[in-house]
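Heads up: the structure comes next, in structure tokens.
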Amino acid sequence: MNASVPMGPDIATTARLVADTTRASMLSALMGGKALAAGELARTAGVTPQTCSGHLSKLTAAGFVQSAQQGRHRYYLLAGPEIARLLETLQVASAGDGANISTGPKDRELAYARVCYDHLAGQLGVALLTRLRTNEWIARTEAGISLTQLGRDRLTELGIELHGSGRRIECRECMDWSERRMHLAGKIGAQMLQTMLARGWLRRRSESRAVLVTEEGRRQLSSMFDIFHHGG
């Protein structure tokens, strides 16, 4: 047998695509879940618009990003949660055992609460999943984790839609790259984040994946989930 013939999907090509520093920087910027224009991605990666365009073409062709036209501008975003999951896993592996984030103010905010594609991550995300388990809203199953009936009742009271369409997994654990513990992903994780943002409990920072907890958010997180805000 020819050893050079791949026995499955060509992971080497995918690995080379992500291994490029410029493309990795652009993909990391899109981990915030916002659609970004090519010019914004070029500034983030520190490259010219022409260079950025070439990288975006490769990422689009490989199915890593997708684009949408809005007026005169074209915006780019990650192609789906599975791409975000791959990137988050790579961030965990890249951090190294026992690695710490630098202590700059911006990094402290990212470490405390940030968006991981479309769900809540960081210390707050990990604390939320911990409380959901402790309060028996979520239970472990052979397949992973799932909502209990109590959890369904409480989230319904919170106004979170639990019967949306689509094949996306309802509840899933996602390894947090800074905490090295699990936070909540899946459809419920995304809907919880959107609810918290819509109700003004959390507020996104401009040009950052970090989210800030508002005064109302502190009250609600304490009242509903027994989570007390200690972030920056």
(request) Please list 53-65, 116-128 highest first by mean number of surrounding beta-carbon atoms within 10 Å per residue. (result) 116-128, 53-65
(request) Would you compute, from DSSP H runs of 4+ residues alone, the mean residue ellipticity of the chain at 222 nm, taking -39500 (n - 2.57) per run and dividing by the full residue count, rounded to the nearest 500? (result) -14500 deg cm²/dmol
(request) Could you quote the convex hull projected area for the range 82-225, Cα atoms only and averaged over all directions, in nm²? (result) 9.2
(message) Can you tell me the orientation of helix 215-225 relative to the chain, as the angle in degrees between its alpha-carbon axis and the longest Cα principal axis, to the nearest 10?
(response) 70
(request) Measure nothing fancy, just the Cα-based angle from helix 81-95's long axis to the longest principal axis of the chain, in degrees from 0 to 90, nearest 10. (result) 90
(request) May I ask you to derive the relative contact order of the chain, considering only C-alpha pairs under 8 Å and at least 6 residues apart, and to give it as an integer percent? (result) 17
(request) Mind pulling the angle between the C-alpha long axis of helix 122-134 and the longest principal axis of the chain? Nearest 10 degrees, somewhere in 0 to 90. (result) 40
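Only the coordinates and a few stated rules stand behind these numbers; no lab work does. Every value quoted in this text rests on a predicted model; they were computed, and no experiment measured them. A quick note on method: Cβ atoms are made from the backbone with ideal geometry, for glycine too, and the neighbour counts reach across all protein chains shown.
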